[in-house]
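The values are calculated or read from the model by the stated rules, or taken from the named source; none is laboratory data. What you see is a predicted model, and the numbers here were worked out from it, not measured in a lab. All Cβ positions, glycine included, derive from the backbone under ideal geometry; neighbour counts span all protein chains shown.
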Amino acid sequence: MRIVIVGTGYVGLVSGVCLADFGHEVICVDKNKEKIDKLNSGKIPIFEPGLDVLVGTNVAEGRLSFTQDLASAMEAAEVVFIAVGTPARRGDGFADLSFVYSVAEEIAKHIKEFTVIVTKSTVPVGTGDEVQKIINEANPQADFEVVSNPEFLREGAAINDFKHPDRIVVGTEDARAKQIMKLIYKPLFINETPMVFTSRRTSELIKYASNAFLATKITFINEMADLCEQVGADVQQVARGIGLDNRIGSKFLHAGPGYGGSCFPKDTLALIRTASEANVDLSIVNSVVSANNKRKLKMAQKVITACKGVNGKTIAILGLAFKPNTDDMRDAPSITIIEELQKHGAKIKAFDPEAKSEAMSLLKNVLFANTPYECVDNADAVVIVTEWDQFRALNLPKIRKKMLSPVVIDFRNIYDEEFICKEGFEYYSIGKPQKS
């Protein structure tokens, strides 16, 4: 099939590349000339493991291309995916849909034959209806159908998630659109991936409900971690004990400094706003957002307590991205933690394998190191914020020798306390009784 993807951000680029790898002819469109020029020269604007190889292969085989010209891209296009950003608006937290609506107006000008317009962007309930209205008004003669097809991609594992999804959700009640969506995902459909066909509004809500529920699981286990510290229990064993219950499951039960990234913070706020407009009180989701915000501040206080004050001290931060295997700094816990420590007089050194350039634009008065060992040099404490694999096997004697004070605060519980204490460190973890 001939498919157009509008937007070459995280969702658009990964979706386009994977669909091309399925054998479709895919053209990715973006107004950002610099981004398109980079992609055409083989440079990938985001970090996602394996994406560069997949782009190169599909471009070389003629299934994938990049352009700024939507008109030419839509020649003979059967499907157009809208995959532009929907960031949270300042002030009210509602999803900014201006990019989605602008794209809809542009698409309308170029529809000739029956075309399926797929909203891949995360959008509030009712957005598809508005997109349909915009296109109808802009081109009354257009033959088309708007379909909701939310993404469920985890940054750092997006290619695998796209090719081996738990399910595919499609929101449409149009027979022609259903058939085309089945053809798009035929490689997955044949492999018996569950394909959920539902109404457009239900599909839109499924995305928000999924992310809100996962954010709730994270927040729940973080609160259990606080309780574990006070009563002498181990949160990792608690998580294992409850996670083995099939009704609960083990995923997203890892205690840490709070959730961040491009989805959970934005989508929980958008869901709250949608509910507010419908006069529905989402007390659980409201509590999740509030608890997560407090969590990040509490982690900064944990560092201050462990260091017996941080004024004038150098704190080494290992990991800045909101999770490993990505360079995404959106709503990363590291930002709040660092800024709070700075307010209390700390000097910050930081290292992240991929997020340095993004972090430099967001954080002020931070000394960025090129290696973990450079980061901890002359530090009074080291804080592990993101669980990159390379942090799991550090040369501890080397780090101990470089630090002014052997204090480690591990927000991801990646080290065994007995082991690291034997190396001469004072160790603080999450959700466990303090022994060192």
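Going by what's in this entry, would PHE264 be described as under 30 Å from VAL123 (Cβ atoms) and of a type in the set (Phe, Trp, Tyr)? In short, yes.
Quick one: is GLU155 at pLDDT below 95 and surrounded by 19 or more Cβ atoms within 10 Å (Cβ to Cβ)? Let's see the steps before the verdict.
Working: at pLDDT below 95: yes; surrounded by 19 or more Cβ atoms within 10 Å (Cβ to Cβ): yes.
Against the criterion (at pLDDT below 95 and surrounded by 19 or more Cβ atoms within 10 Å (Cβ to Cβ)), GLU155 qualifies.
Scan the range 287-301 and tell me whether some residue there is surrounded by fewer than 22 Cβ atoms within 10 Å (Cβ to Cβ), among the polar types (S, T, N, Q) and not in a helix (DSSP H, G or I). No, there is no match, as no residue in the range 287-301 is surrounded by fewer than 22 Cβ atoms within 10 Å (Cβ to Cβ), among the polar types (S, T, N, Q) and not in a helix (DSSP H, G or I).
Which of the following residues is out of contact with any Pro (no Cβ under 9 Å at 6 or more places or on another chain), part of a loop (DSSP other than H, G, I, E, B) and without any contact (Cβ under 8 Å) to a residue 60 or more places away in the chain: PRO49, PRO45? So that I can check it myself, show each step before the final result.
On the way: PRO49 fails: without any contact (Cβ under 8 Å) to a residue 60 or more places away in the chain.
From the options PRO49, PRO45, the qualifying one is PRO45.
Residue-wise test of (1) within 26 Å of TYR208 (Cα to Cα); (2) surrounded by 24 or more Cβ atoms within 10 Å (Cβ to Cβ); (3) small (Gly, Ala, Ser); (4) not assigned by TED's automatic domain parsing to the domain that holds PRO49.
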| position | (1), (2), (3), (4) |
| --- | --- |
| PHE114 | no, no, no, no |
| VAL118 | yes, yes, no, no |
| THR127 | yes, yes, no, no |
| ALA138 | no, no, yes, no |
| PHE144 | yes, no, no, no |
| SER148 | yes, yes, yes, no |
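Among the residues of the range 50-88, just one is of a type in the set (Asp, Glu) and within 21 Å of ALA157 (Cβ to Cβ), namely ASP52.
Among the residues of the range 238-256, some residue qualifies, meaning at least one is farther than 30 Å from GLU204 by Cβ, free of Cβ contacts under 8 Å to residues at least 40 places away in the same chain and either surrounded by 16 or more Cβ atoms within 10 Å (Cβ to Cβ) or not assigned by TED's automatic domain parsing to the domain that holds ALA291 (or both). Among residues of the range 260-281 being assigned to a helix (DSSP H, G or I) and hydrophobic (A, V, I, L, M, F, W, C), the one that is farthest from LYS323 (Cα to Cα) is ALA275.
Need a quick list: strands (runs of 3 or more DSSP E) entirely within the range 355-436 having at least 1 residues that are surrounded by fewer than 19 Cβ atoms within 10 Å (Cβ to Cβ).
Working: elements: 366-368, 381-384, 407-410, 426-428.
Where strands (runs of 3 or more DSSP E) fall fully within the range 355-436 and carry at least 1 residues being surrounded by fewer than 19 Cβ atoms within 10 Å (Cβ to Cβ), they are 366-368, 426-428.
Determine which member of the set ALA225, ALA233 is of a type in the set (A, V, I, L, M), in contact (Cβ under 8 Å) with a residue 60 or more places away in the chain and part of a loop (DSSP other than H, G, I, E, B).
Values: ALA225 fails: part of a loop (DSSP other than H, G, I, E, B).
Residue meeting the stated conditions: ALA233.
Does the range 9-35 hold any residues that are part of a strand (DSSP E or B) and touching a residue at least 40 places away in the same chain (Cβ under 8 Å), and which are they? Working first, answer last.
From the range 9-35, those part of a strand (DSSP E or B) are 25-29; that's our starting set.
Once the filter is applied, which keeps residues that are part of a strand (DSSP E or B) and touching a residue at least 40 places away in the same chain (Cβ under 8 Å), the range 9-35 yields ILE27, VAL29.
The condition (being of a type outside the set (Lys, Arg) and on the phi < 0 side of the Ramachandran plot) is satisfied by just one residue among ASN365, ASN395, ASN413: ASN395.
Picking from residues in the range 85-105 that are modelled with pLDDT of 95 or more and surrounded by 23 or more Cβ atoms within 10 Å (Cβ to Cβ), the one that is nearest to the chain's Cα centre (by Cα) is VAL100.
Only one entry of GLN230, GLN179 meets the criterion of being within 30 Å of PHE411 (Cα to Cα) and more than 19 Å from the chain's Cα centre (by Cα), and that entry is GLN230.
Being in contact with a Ser or Thr (Cβ under 9 Å, 6 or more places away or on another chain) and either of a type outside the set (Val, Ile, Thr) or farther than 18 Å from ILE180 by Cα (or both) holds for only one residue in ALA77, ALA71, and it is ALA77.
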